[in-house]
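This report concerns only the one structure given below.
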Amino acid sequence: MKKCNAVFEGGGVRGIGHVGAVCRMEQAGWQFADTAGSSAGAIVAALLAAGYTGKELKKELETLDYMRFKGMDLPDYFGAPGRMFSLIRSLGIYNTDDLEDWMDELLDQKGMRRFGDVEAAGRMLKITASDLTEKRLLILPDDLEDFAVDPREFCIAPAVRMSVSIPIFFEPVRWKDRWGKEHLVVDGGLLSNYPVWLLDDGTRAPACPTFGFRFLDDREHCRSRTCRAQPNMIDYLKAIVSTSLDAIDHDHLSEGDYERTIGISAAAGEGEARHKISAVDFDISREDSRALFENGWSAAERFLRTWNFEIWKKKYR
């Protein structure tokens, strides 16, 4: 087995695409060591760090009903007015209680509920979140000491919950720091959706490669289903968030980062039926989910044909 580190971009419901790429990498003999991710990428990173294989993740995600993660409070059952009330009252339409419980259950099955458990297994896990109160990026577990929390004892599931809390869609996590000040914490992808620098800052020659997994911008080749022709206010807000999360930010990527990135198409279907799968398409069909998995598999297969770690190191390190 060849060891590698992996960083997974946020992508909402498109996380199954990451799993497809992971499965192909594992088939080629790669074993994942340290992992990091934002939003949905944090889910994949956390479960790999806990010891799950790509095959196990595929089995879990291909039968997953993402709608269960749209935790509804009483007002949400009254259509758009109720959801708007929830947004005003809780700063988010849905809660993420079920998502955290689901993550905690999966991690507990591997005996890896805390960041310290992963560390004891000889691996490292980094998860991003966005602190709206301080307008800064949180790196978990590194920044937990600011909240008077022992990083080793902190559970991974609530960290993932913070990272996947897409603004507008989900209520922010309210968290008090050591001085009693409340912070609103949301999706890590808001500030760093592809934090490849977390595992390799470019200052030294790495012992093993760090691969990045991210979604390609296919907007010129297909249409989006995100917003209706005559959206109401909720649809409008959702479209704003979806556009922000889907945006590709090249500012922090170097040429070397592009060469070690596995780009996964976020589109499904053929011809006129070809469409882009949004990060917030929670009602994603089984067909689209399978298409994303195949997109990830194919992307990794293309990448492996040309990847050479020694050539990459000579060129960039």
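The values are calculated or read from the model by the stated rules, or taken from the named source; none is laboratory data. Values in this document were obtained by computation on a predicted structure and should not be read as measured data. Glycine also receives a Cβ, built like all others from the backbone with ideal geometry; neighbour counts cover every protein chain displayed. In case anyone asks, the SASA skips ligands and DNA or RNA and just uses the protein heavy atoms, side chains included. Shrake-Rupley method; radii C 1.70, N 1.55, O 1.52, S 1.80 Å.
Listing for the model above:
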{"quantity": "Backbone HN-Hα couplings from phi across segment 84-96 [Karplus 6.51/-1.76/1.60, Hz, Gly and Pro as x]", "calculated": "5, 4, 4, 4, 5, 6, 10, 6, x, 7, 10, 9, 10"}
{"quantity": "From phi via Karplus (6.51, -1.76, 1.60), per-residue ³J(HN,Hα) for segment 142-151 in Hz, x at Gly/Pro", "calculated": "3, 8, 5, 4, 5, 10, 6, 10, 6, x"}
{"quantity": "Relative packing of peptides 130-136, 52-58, 40-46 - highest average C-beta neighbours within 10 Å first", "calculated": "40-46, 52-58, 130-136"}
{"quantity": "Order of exposure, largest accessible area first, which applies to D187, D143 with probe 1.4 Å", "calculated": "D143, D187"}
{"quantity": "Under-5 Å amide H pairs with T210, H placed in peptide plane, nonlocal only", "calculated": "N5"}
{"quantity": "Long-range HN-HN contacts of Q31 with modeled amide H, under 5 Å", "calculated": "K2, K3, C4"}
{"quantity": "Loop-resident sites, segment 123-196, for chymotrypsin sites (Phe, Trp or Tyr not before Pro), counting at most 11 other Cβ within 10 Å (DSSP)", "calculated": "W179"}
{"quantity": "Neighbourhood charge, 13 Å Cβ-Cβ cut-off, centred on E26 and excluding it, Lys, Arg +1 and Asp, Glu -1", "calculated": "+3"}
{"quantity": "Residue-wise HN-Hα coupling along segment 124-136, computed from phi with Karplus coefficients 6.51, -1.76, 1.60 (Hz; x: Gly, Pro)", "calculated": "10, 10, 10, 10, 9, 8, 10, 8, 5, 5, 9, 6, 9"}
